[in-house]
Amino acid sequence: MGDLFGTLAAAVGVFAGTNIDDIIVLTVLFLSARASGKPRAWQIWVGQYTGVAALVVVSAVAALGLTIIPDQWVGLLGLVPFGLGVRGLIGAIRSRNDEELPTPAVASGLASVIGVTIANGADNISVYTPMFRTIGVTASLITVAVFAVGVAVWCLAGSWLGSHRKVVDIVERFGHWIVPGVFMLIGAVIIIESGVLARLI
């Protein structure tokens, strides 16, 4: 019983520690969904689960000794949210003289939500891989179950944080600038913190 509680506590700690920044992404996505209808709430939920599942699968495979993406290049996935942000910013600039405000949506569908989730959590692979390699099959399955619950908690938290009327009103008015900026910042942080730029220069 002690081992079970220890495994559960460790899994909760790992999930919370490696996905704390994901709360920001989810809040922005839910704000965008409420302000513009894109992406839809179900796309955010499914995208999160699919993205996190992909990261877990890659980590599990890597734990078996097979490297799908070399660690030194994982940071390049930061180009996904950065690119989405740039696209949104260009759209906002082009429509700045229009009478109707442009949509704040940057991740407008399921595929883009999955892409942002994977990119934002790509660095988690370096934590999950050694963990899966050392804790064994049973503990790994328990950990995956905890992660599944954690994704639901994170989505609920992001939805709650993104439901405040005043914040939604601000996003409806200025979101076409704010949301792309947030996504560009997230992408830049992923790229810079990974150190991948030093390897390209």
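State yes or no: is residue 158 small (Gly, Ala, Ser) and at pLDDT below 75?
Against the criterion (small (Gly, Ala, Ser) and at pLDDT below 75), residue 158 does not qualify.
Of (1) part of a helix (DSSP H, G or I); (2) modelled with pLDDT under 75, residue 102 satisfies all except one. Which?
Here residue 102 meets the rest and fails (1).
I need the full set of residues from segment 121-169 which are within 24 Å of residue 183 (Cβ to Cβ) and of a type in the set (Gly, Ala, Ser), in order please.
Passing the criteria: 121, 122, 126, 150, 152, 157, 158, 159, 162, 163.
Would you point out the residue of segment 125-139, among those that are under 22 Å from the mean Cα position of the chain (by Cα) and of a type in the set (S, T, N, Q), that is modelled with the highest pLDDT?
The extreme case among them is 129.
Only one of these conditions is not met by residue 13: (1) at pLDDT 80 or above; (2) part of a helix (DSSP H, G or I); (3) surrounded by 16 or more Cβ atoms within 10 Å (Cβ to Cβ). Which number is it?
Only one criterion is unmet by residue 13, namely (3).
The values are calculated or read from the model by the stated rules, or taken from the named source; none is laboratory data. Just so it is clear, the structure is predicted and the values come from calculations on it, not from any experiment. All Cβ positions, glycine included, derive from the backbone under ideal geometry; neighbour counts span all protein chains shown.
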